[in-house]
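Structure first, commentary second.
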Amino acid sequence: MKTIIEPFRIKSVEAVRTTTIEQREEIIKSAFYNPFLIPAEDVLIDLLTDSGTSAMSSKQWAAMMDGDESYAGSKSYFKFEAATKKIFGFKHIIPVHQGRAAERILFTFLLSDIDAEGRFVNSGSTKYIPNNNHFDTTRANIEFNGGNAVDLVIEEGKHPEVIHPFKGNMDTNKLTEFIKTTGAKNIPVCMITVTNNTGGGQPVSMENIREVSKICKEHKIPFFIDACRFAENAYFIKIREKGYEKKSILEICNEMFSYADGCTMSAKKDAFANIGGFLAMNNEDWYSNCKNLLIITEGYETYGGLAGRDMEAIAQGLEEIVDESYLHYRIHSTKYLGDKLTENGIPIIQPPGGHAIYLDAKAFLSNIPADNYPGQALTAELYRLGGIRAVEIGSVMFGKYDKDGKLIPADMELVRLAIPRRVYTQSHIEYIIEVLCEIKKNKDSIRGIKIIEEPKFLRHFTAKFGLV
Ligand SMILES: *Cc1c(COP(=O)(O)O)cnc(C)c1O
């Protein structure tokens, strides 16, 4: 059969609330045109993020009942540890409450010198951390510690319309050049993000991971993977990279991580969990330092800020995420949305990524200049017209100011439609397509956005906006 169906059936449902356009106009105004400030109850289809929004399976819920809440040496921790080792293979696993906690611990350690009393003395300003594209929290954790986050994605990855099977790849020539000019001693770690969330949920090839790993080894730079969507990346390798057609997803994952010295992971993504994450590594010394930081703010090493039941949900989720029939459905459902939008002349990052479709707001709302934030304007219209919540990934998220306070825009003005795992059905997807086609009809009347109030870090979460 040609029809690809959801490889599950629904046992428990959650009602969604319908509102009128007039109600939503009021709601978005009182939320200062920031989707993060809209109460979730007022959202019809929530595509803000695929993070922590997955539907858990009956087996995950059952496992949660079996959670062991012992402070130390919980049975659930050992299950969690075994499940992570099976896929990632690293010696040491540090559980954390979510991905950014793993980043905070790793970068606090790597961007410090340690004094005679074992205290961390920040030395971030002299250090550089390359990545294909740093995710916003990764960049923020590096910059907050005074370090420099550098993006080295391949040129194709910066152009929404360009088709490439692995647009998330790192430019290895640029990496080699970067190491030469910066000096390996100033690069405490090199990272690669799979799939490349910031660049459009685009995959990284096995060949690229292998090459980056080789370059890092030659220069004795440790190599870490930001593993949030490792299973989706593995599926893309299976269907797009020669030599992997017959390999299982687990085999592909094992190979991907065999090239790395460690990883950061948000279990809110490819582990079907509503909360959780981990930091994994092979190096003993790094492990003992990171564990100290963990214990100061997160918790003891066998729970790291998670309940035993959360670790159960993650362990079971990791079993389920490497199931090929799930990934087949997942990637095709995202592709369906992307292909339909393309057919209707709505510009998106090509080809469709794994967990999300990224609308190219710069091309779509070409009448709105960068300093009137076309991406933010599009999120406001998606909500107003269709009750759909999405997030801007453009100059609101990544824009900077020059010394005169003028906006230096981001490379791209995107709006991410992130698809929660196992949550929405085919007709929800059809509805999203219809709303975007309606927006297209009246796109020239959409107004730009200005910033009224903003914090210094991660401003998109809490900034307040108004219409121009
Ligand atoms: C979500 C995400 C993170 C951070 O994880 P949280 O669980 O949200 O803290 C880091 N990197 C990437 C690529 C992500 O998508």
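For this structure, a couple of remarks:
- Screening the candidates Ser70, Ser125, Ser30 for the property of being open to solvent by 20 Å² or more (accessible area, probe 1.4 Å), at pLDDT below 95 and away from the ligand (no atom under 16 Å from the Cβ) yields one hit, Ser125.
- Of the listed requirements (1) under 17 Å from Leu279 (Cβ atoms); (2) free of Cβ contacts under 8 Å to residues at least 40 places away in the same chain, Thr138 misses just one: (2).
- Sub-7 Å Cβ pairs linking a first residue in the stretch 218-243 that is touching a residue at least 12 places away in the same chain (Cβ under 8 Å) and away from the ligand (no atom under 16 Å from the Cβ) to a second residue that is of a type in the set (Lys, Arg) and not in a helix (DSSP H, G or I), at least 6 apart or interchain, are Lys238/Lys247, ordered by first then second residue.
- Scanning the stretch 128-178 for residues that are in a loop (DSSP other than H, G, I, E, B), hydrophobic (A, V, I, L, M, F, W, C) and buried (at least 17 other Cβ atoms within 10 Å of the Cβ) yields Phe135, Leu152, Ile154, Phe166.
- Residue in the stretch 388-399 that is in contact with a helix residue (DSSP H, G or I) (Cβ under 7 Å, 6 or more places away or on another chain), in contact (Cβ under 8 Å) with a residue 24 or more places away in the chain and closer than 26 Å to Trp61 by Cα present: no
- Just one of the listed residues (Tyr383, Tyr329) is buried (at least 23 other Cβ atoms within 10 Å of the Cβ), in the same structural domain as Gln426 (by TED's automatic domain parsing), in contact (Cβ under 8 Å) with a residue 40 or more places away in the chain and not in a loop (DSSP other than H, G, I, E, B), and it is Tyr383.
- The numbered conditions (1) open to solvent by 10 Å² or more (accessible area, probe 1.4 Å); (2) modelled with pLDDT of 95 or more are all true for Thr297 except (2).
- Qualifying residue in the stretch 441-457 (condition: of a type outside the set (Lys, Arg) and under 21 Å from the mean Cα position of the chain (by Cα)): yes
- Pair list, Cβ < 9 Å and 6+ apart or interchain, from the stretch 90-106 residues that are modelled with pLDDT under 95 to residues that are more than 9 Å from the ligand (Cβ to nearest atom): none
- The listed residue being away from the ligand (no atom under 16 Å from the Cβ), touching a residue at least 24 places away in the same chain (Cβ under 8 Å) and touching an Asp or Glu at 6+ places or on another chain (Cβ under 6 Å), out of Ala63, Ala83: Ala63
- Conditions (1) open to solvent by 50 Å² or more (accessible area, probe 1.4 Å); (2) at pLDDT 95 or above; (3) over 25 Å from the mean Cα position of the chain (by Cα): number failed by Tyr431: (3)
Yes or no, residue by residue, for (1) more than 18 Å from Ala231 (Cα to Cα); (2) more than 16 Å from the ligand (Cβ to nearest atom); (3) touching a residue at least 24 places away in the same chain (Cβ under 8 Å):
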position	(1), (2), (3)
Lys167	no, no, yes
Lys174	yes, yes, no
Lys180	yes, yes, no
Lys185	yes, yes, no
Val189	yes, no, yes
Ile192	no, no, yes
Gln202	no, no, yes
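- Looking only at residues in the stretch 93-122 that are outside any helix (DSSP H, G or I), touching a Phe, Trp or Tyr at 6+ places or on another chain (Cβ under 9 Å) and under 19 Å from Asp310 (Cα atoms), the one that is farthest from the ligand (Cβ to nearest atom) is Ile93.
- Options Asp323, Asp360, Asp339, Asp310; residue that is closer than 21 Å to Gly99 by Cβ, open to solvent by 10 Å² or more (accessible area, probe 1.4 Å) and either out of contact with any Leu (no Cβ under 7 Å at 6 or more places or on another chain) or touching a residue at least 40 places away in the same chain (Cβ under 8 Å) (or both): Asp310
- Checking each residue in the stretch 441-461 for being out of contact with any strand residue (DSSP E or B) (no Cβ under 9 Å at 6 or more places or on another chain) and outside any helix (DSSP H, G or I) picks out Asn442, Ile446, Pro455, Lys456, Phe457, Leu458.
- Within the stretch 403-421, the residues that satisfy the criterion of being surrounded by fewer than 20 Cβ atoms within 10 Å (Cβ to Cβ) and in a loop (DSSP other than H, G, I, E, B) are Lys403, Asp404, Gly405, Lys406, Pro409, Asp411, Pro420.
- Condition met for Ser266 (hydroxyl-bearing (Ser, Thr, Tyr), open to solvent by less than 10 Å² (accessible area, probe 1.4 Å), within 16 Å of the ligand (Cβ to nearest atom) and under 27 Å from Lys127 (Cα atoms)): yes
- Verdict on Glu161 being under 24 Å from His332 (Cα atoms), in contact (Cβ under 8 Å) with a residue 24 or more places away in the chain and assigned by TED's automatic domain parsing to the domain that holds Glu232: yes
The values are calculated or read from the model by the stated rules, or taken from the named source; none is laboratory data. No experiment lies behind these values; they were computed from the predicted model shown. No Cβ is skipped: glycine too gets one built from the backbone with ideal geometry, and neighbour counts run over all protein chains shown. Just the protein is used for accessible areas: all its heavy atoms, side chains included, with ligands, DNA and RNA removed. Shrake-Rupley method; radii C 1.70, N 1.55, O 1.52, S 1.80 Å.
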